[in-house]
Amino acid sequence: MLAAYTGFRLPSLWSVTLQTTSLADGFHRRFLVATVLHPFAEWAGNAYWFHAAFSFGVLALLLAVIVTTVVRATTPVRRWLPVAFFLHPAGGYLFHEVGYLDQVLFLLLFVALWLGRRGRWCTATLVMTLAPTTHEISALTVIPVWLLAVWHSSLPTRTALAASILPVAVNALVFAAPPAAPGAREHLITRISEGGWNWRADALALFFRTQAESWSAYDPWNIALFLTPLVLVVIVVTAVVIGPGHDARSWVTRSLAVGASGAPFLLSFGGWDQHRWAFLLCVNLVLVAWVWCDGRENMKRAVVALGLGLLLITHTPMDYFDGFKSVPLTGTAFRSYGQVAHPDPQGGPFDMPLRW
């Protein structure tokens, strides 16, 4: 409840625009959600509220998975780590990020991990191959965590290699393909204009810019500098939690754990959302710790390292999008929640966005 209170918003026009870029329109990246939703969105007249309902549905499923995980957890770390996450500023940011395709990536990962725990690794691997078609940042977010889960399991080496290679190969194919076909933007705009909401032209521009053109719009080294203290904390905490290795496979697994925790740092060189990258670093730390802490770790060391680490990274700001602010836990803020939770003094938290 605290996380929802501090971070609630309606899905932004940016995130909703990126829920419409389907294969049928000629887009070759971030197309899975839009392709699945396409016939239903057409039936709903491509209305904003249809996409908002879908976004909150994804968030609700994520919350249901997390609550179920807490209830069924068999180790203290797995029981209390999700609770700590929602008390951390990252918990509010999860609610604020509603509508972003990141949340679909987390959901796919959770489904794959659930299948893997039941021995259905082939199906789980197929689920993870969908992640790169949802958003290419899966290469630096959920796929590294998936690789850790695969190698931390008791799978034979050959099976682990197969489960690792397929999602990585699909991600490589997504990067190799052109982001969109000629005329894709015009086709999409014609289709979604009937919805009567202000789609974001700059969101569609992502598919038609080179990486060099993106770097001309921001300084990736400045983003990396911003995230450097946070990624160092995340890596050190992970290294302390996992402890030293004893054989070749354990060293591989430990390397994957450290890499998975720190991988979102490399998003600095892909885009300018530094606060979102900070959030994803926190998420990956929690996911790696959850995968690792299955009862075989040093429990006291894990609890102390994670507790101190999460407290320390509260000092890294995770500013919200579009002028929104985290709502403080004060009586005055609670009394005037509508005005505090919305950047427009004339708007409220349940008003359909007009500009953002």
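Restricting to the stretch 110-129, what's the tally of residues that are surrounded by 15 or more Cβ atoms within 10 Å (Cβ to Cβ) and either of a type in the set (Ser, Thr, Tyr) or under 14 Å from Ser154 (Cβ atoms) (or both)?
4
Could you tell me whether Val142 is under 20 Å from Leu63 (Cα atoms), open to solvent by 20 Å² or more (accessible area, probe 1.4 Å) and modelled with pLDDT of 95 or more? Steps first, please.
Details: under 20 Å from Leu63 (Cα atoms): yes; open to solvent by 20 Å² or more (accessible area, probe 1.4 Å): no; modelled with pLDDT of 95 or more: yes.
No, not satisfied.
Mind listing whichever residues of the stretch 243-261 are open to solvent by less than 10 Å² (accessible area, probe 1.4 Å) and either modelled with pLDDT under 95 or touching a Ser or Thr at 6+ places or on another chain (Cβ under 6 Å) (or both)?
Of the residues in the stretch 243-261, the ones open to solvent by less than 10 Å² (accessible area, probe 1.4 Å) are 253, 257, 260-261.
Correct list: Thr253, Ala257, Ser261.
When the residues of the stretch 212-242 are narrowed to those that are touching a residue at least 24 places away in the same chain (Cβ under 8 Å) and not in a helix (DSSP H, G or I), which ends up farthest from Thr316 (Cα to Cα)?
Filtering the stretch 212-242 for residues that are touching a residue at least 24 places away in the same chain (Cβ under 8 Å) and not in a helix (DSSP H, G or I), the one farthest from Thr316 (Cα to Cα) comes out as Ala217.
What residue, among those in the stretch 5-29 that are part of a helix (DSSP H, G or I) and open to solvent by 30 Å² or more (accessible area, probe 1.4 Å), is nearest to Lys325 (Cα to Cα)? Quick ask: steps written out before the conclusion?
Start the filter on the stretch 5-29 by keeping residues that are part of a helix (DSSP H, G or I), which leaves 5-7, 13-17, 23-25.
Narrowing the set further to residues that are open to solvent by 30 Å² or more (accessible area, probe 1.4 Å) leaves 5, 14, 23-24.
Working: Tyr5: 11, Trp14: 18, Leu23: 35, Ala24: 37 Å.
Step by step, filter the stretch 5-29, then rank; the result is Tyr5.
Does the stretch 211-226 contain any residue that is in contact with an Asp or Glu (Cβ under 8 Å, 6 or more places away or on another chain), open to solvent by 70 Å² or more (accessible area, probe 1.4 Å) and farther than 30 Å from Val304 by Cβ?
Initially, the stretch 211-226 is screened for residues in contact with an Asp or Glu (Cβ under 8 Å, 6 or more places away or on another chain), giving none.
Checked against the condition, which is being in contact with an Asp or Glu (Cβ under 8 Å, 6 or more places away or on another chain), open to solvent by 70 Å² or more (accessible area, probe 1.4 Å) and farther than 30 Å from Val304 by Cβ, the stretch 211-226 yields no hits at all.
When you scan the stretch 185-211, how many residues do you find that are in contact (Cβ under 8 Å) with a residue 24 or more places away in the chain, in a helix (DSSP H, G or I) and among the hydrophobic types (A, V, I, L, M, F, W, C)?
Matching residues across the stretch 185-211 total 7.
Taking the stretch 127-161, which residues are within 23 Å of Phe175 (Cα to Cα) and over 19 Å from the mean Cα position of the chain (by Cα)? Steps first, please.
Let us first name the residues in the stretch 127-161 that are within 23 Å of Phe175 (Cα to Cα), namely 127-148, 161.
Selection gives Leu161 alone.
Free of Cβ contacts under 8 Å to residues at least 24 places away in the same chain, surrounded by 13 or more Cβ atoms within 10 Å (Cβ to Cβ) and farther than 24 Å from Asp273 by Cβ, is that true of Val150?
Details: free of Cβ contacts under 8 Å to residues at least 24 places away in the same chain: no; surrounded by 13 or more Cβ atoms within 10 Å (Cβ to Cβ): yes; farther than 24 Å from Asp273 by Cβ: yes.
No: the conditions fail for Val150.
Since Ala47 meets every condition but one in (1) touching a helix residue (DSSP H, G or I) at 6+ places or on another chain (Cβ under 6 Å); (2) at positive phi, which condition does it not meet?
The one condition Ala47 does not meet is (2).
For the stretch 167-184, does any single residue satisfy the condition of being under 24 Å from Trp292 (Cα atoms), in contact (Cβ under 8 Å) with a residue 24 or more places away in the chain and either not in a helix (DSSP H, G or I) or not assigned by the TED database to the domain that holds Phe27 (or both)?
Yes, because at least one residue in the stretch 167-184 is under 24 Å from Trp292 (Cα atoms), in contact (Cβ under 8 Å) with a residue 24 or more places away in the chain and either not in a helix (DSSP H, G or I) or not assigned by the TED database to the domain that holds Phe27 (or both).
Condition test on Thr74, is it of a type in the set (Ser, Thr, Tyr), at pLDDT 90 or above and surrounded by fewer than 18 Cβ atoms within 10 Å (Cβ to Cβ)? Please lay out each step first, then the result.
Values: of a type in the set (Ser, Thr, Tyr): yes; at pLDDT 90 or above: no; surrounded by fewer than 18 Cβ atoms within 10 Å (Cβ to Cβ): yes.
No; evaluated as a whole, the condition is false for this residue.
May I ask you to list pairs of residues, at least six apart or on different chains, whose Cβ atoms are under 6 Å apart, with the first in the stretch 121-141 being without any contact (Cβ under 8 Å) to a residue 24 or more places away in the chain and the second being of a type outside the set (Gly, Ala, Ser) and open to solvent by 20 Å² or more (accessible area, probe 1.4 Å)?
From the stretch 121-141, the pairs are Val127/Leu108; Val127/Val111.
Hey, Asp294 hits all of (1) at pLDDT below 85; (2) over 22 Å from Leu81 (Cα atoms) but one; which does it fall short on?
All conditions pass for Asp294, except number (2).
The values are calculated or read from the model by the stated rules, or taken from the named source; none is laboratory data. Treat the numbers as computed from the prediction; the structure is a model and nothing was measured. In this analysis, Cβ positions are derived from the backbone assuming ideal geometry, glycine residues included, and neighbour counts consider all displayed protein chains. Protein only, heavy atoms only, side chains kept; ligands, DNA and RNA dropped before computing areas. Shrake-Rupley method; radii C 1.70, N 1.55, O 1.52, S 1.80 Å.
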